[in-house]
Amino acid sequence: MPATAYTIYVIELSRRVFSENRRFREANPQFNGVLQCLYVGMTSKTPRIRFEQHRTGYRNQKGHNLSSSIVRKYGMYLRPSLYNHIQPLKTRAEALRMEETLALELRRKGYAVWFN
């Protein structure tokens, strides 16, 4: 059985998320409105499949919601130029660290970013 690889992905969100979602706004006090609002995630699927899961409110076999309500409501499209440089990662722990690293890097550049 091939080893699972994890991919980091970025979704551009509607700017409405900043005005309508208090938690998103509070997580991004540095945001000045110039760049975009983004969601950073990681997946063992392709970014396209994961984006569709978010948008459709995907639930696993146990009924747990595995989609982000922020992406479901505000997700617009994938931003591969912001994640294509990151190679697939071998473990979930590595992917979670890289998800946070990229999210914080994008915040430092002036984006408003949500990640889990």
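When each of Gln87, Gln53 is tested for being among the polar types (S, T, N, Q), more than 14 Å from the chain's Cα centre (by Cα) and within 27 Å of Ala3 (Cβ to Cβ), the lone residue that passes is Gln87. Being out of contact with any Leu (no Cβ under 7 Å at 6 or more places or on another chain), hydrophobic (A, V, I, L, M, F, W, C) and assigned to a loop (DSSP other than H, G, I, E, B) is true of Leu35. Scanning the range 26-42 for residues that are without any contact (Cβ under 8 Å) to a residue 40 or more places away in the chain and either closer than 20 Å to Ile8 by Cα or touching a strand residue (DSSP E or B) at 6+ places or on another chain (Cβ under 9 Å) (or both) gives a single hit, Gly33. Against the numbered list (1) surrounded by 12 or more Cβ atoms within 10 Å (Cβ to Cβ); (2) modelled with pLDDT of 95 or more; (3) part of a helix (DSSP H, G or I); (4) not polar (S, T, N, Q), Arg50 comes up short only at (2).
Inspect all residues belonging to the range 6-18 and state whether any of them is of a type outside the set (D, E, K, R) and loosely packed, with under 14 Cβ neighbours inside 10 Å. No, the conditions are met nowhere in the range 6-18.
Taking the stated definitions as given, is Val40 hydrophobic (A, V, I, L, M, F, W, C), modelled with pLDDT of 95 or more, closer than 20 Å to Thr91 by Cβ and not in a helix (DSSP H, G or I)? Yes.
The values are calculated or read from the model by the stated rules, or taken from the named source; none is laboratory data. Since the model is a prediction, treat every value here as computed from it, not as a measurement. Reconstructed Cβ throughout: ideal geometry from the backbone, glycine too, with neighbour counts over all protein chains shown.
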